[in-house]
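> One structure, as C-alpha cells, below. Some questions next.
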Amino acid sequence: MLNIKQKAKVSAAIYGCAGLELTAAEQAFFAAKKPLGFILFKRNIDTPEQVRALINALKAAAGHPDVLILVDQEGGRVQRFKAPHWPSYPPAAAYEAVANSPFEQREYVRMGAQLMAHDLRALGVNVDCAPVLDVPQAGTHDVVGDRAYGLTAETVAVMGRAAAEGFLAGGVLPVIKHAPGHGRAQVDSHHELPVVKARRDELEKV
C-alpha cells in the first residue's frame, strides 16, 4: 500500500498509451506524472505475452506499487480481449434469455463475471469498467441495447450486483457505469453529446 508521502506524489488520473509498446517519450511522461493507473484499448492489445509486457512497462513507468490497470471487458459488443487469444463472452442481455429463473440468471451473471476476472488477472489487469447499470428506455439510442441486464431497474440492480460480486471474487475491481444513465440517451455519446431532460423524480425511479 502507498504511504502518505507516496500518495502525495501520485497523480489522481488514468492515462492511456498510443500502441502495443511504450515509447521513450511515454515512459518519460509517465515517470514524471506518476499516474494512479492506465486504461487499455483495442490499439494496445495483440497477444497475451504482448499485453503482459506492456502492463509491466506501464507499472514500471508509474513507479509505485498500487498501479490500477483498467479495461472495458463487458462481453458482447464491448470486449477488448477477444478471440483467438481470449474467450468470447455473451452480452449482458443474453443471460436472461438462457436462464429459467431470475435466480439462475443471477448465478450465470456472477459466474460470467468471475470467469472474465480470471482472464484479466492473468494479464495483470485489476480493474474492469463493468457492469453496465443502465436501464434502456423505449425510443432511445441502441448504444446500450443488449449491454443491459434487463429492462427494469429491479432486474438491472440485482444482476449488476451479481456481476460486481463475480468480478470481486475473481480479484478484479468492478466499475459500475453509466451514471446518471445512458439508457435515456437519444444519441451515442461516443459520437455526439447526449442531453437527458428527464425530471429528477423520473431518474430516481429508474
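The values are calculated or read from the model by the stated rules, or taken from the named source; none is laboratory data. Predicted, not measured: the structure shown is a model, and the values here were computed from it. Here the Cβ is made from the backbone with ideal geometry for all residues, glycine too, and neighbour counts use every protein chain on show. For the accessible areas, the whole protein counts, side chains as well, though only heavy atoms, and no ligand, DNA or RNA atoms are used. Shrake-Rupley method; radii C 1.70, N 1.55, O 1.52, S 1.80 Å.
> Give me the log10 of I(q) over I(0) for region 133-206 at q = 0.19, 0.28 Å⁻¹, as the Debye formula computes it from C-alpha points; what are the numbers?
-0.80, -1.32
> Taking the Cβ of Val51 as the centre, find all other residues whose Cβ is under 13 Å away and add up their charges (Lys, Arg: +1; Asp, Glu: -1). Before the final figure, lay out each step's value.
Details: positive: Lys42, Arg43, Arg52, Lys59, Arg80, Lys82, Arg121; negative: Glu21, Asp46, Glu49, Asp119.
My count for the surroundings of Val51 gives +3.
> Right, next: Given labels modelled 7 Å from the Cα in the Cβ direction, how far is it in nm from Ser189 to Ala83?
Placing both labels 7 Å beyond Cα along the Cβ direction yields 3.1 nm.
> Let me ask something else about it. Okay, helix-only estimate at 222 nm for the chain: each DSSP H run of n ≥ 4 adds -39500 (n - 2.57), divide by all residues, round to 500 deg cm²/dmol; what do you get?
So the helix-based figure for the chain works out to -12000 deg cm²/dmol.
> Which of Ala113, Ala12, Ala185 moves most in a GNM of the chain, Cα contacts under 10 Å?
The residue that fluctuates most here is Ala12.
> Among DSSP bridges having both ends in region 23-178, what percentage is antiparallel? Round to the nearest 5.
20 percent
> Of the heavy-atom accessible surface of the chain (probe 1.4 angstrom), what whole percent is carbon and sulfur?
Of the solvent-accessible surface of the chain, carbon and sulfur hold 58 percent.
> How much area per residue is accessible in the chain when the probe is 1.4 Å and only protein heavy atoms are counted (Å²)? Each step should come with its number before you reach the end.
Working: 11280 Å² over 206 residues.
Per-residue value: 55 Å².
> Continuing with this model, one more query. Can you give the alpha-carbon Rg of the chain over 2.2 N^0.38 Å, where N counts its residues?
Computed over Cα atoms of the chain, the ratio equals 1.10.
> Mind telling me which of Val71, Val196, Val175 comes out most flexible in a GNM of the chain, alpha-carbon contacts under 10 Å?
Val196
> Further, regarding this structure: Taking all pairs of distinct Cα atoms, average 1/r, flip it, and tell me the Kirkwood hydrodynamic radius of region 1-113 in Å to one decimal place.
Here the Kirkwood hydrodynamic radius works out to 16.1 Å.
> If you take every residue apart from Pro87 with its C-beta less than 15 Å away from the C-beta of Pro87, what net charge results, scoring Lys and Arg +1 and Asp and Glu -1?
0
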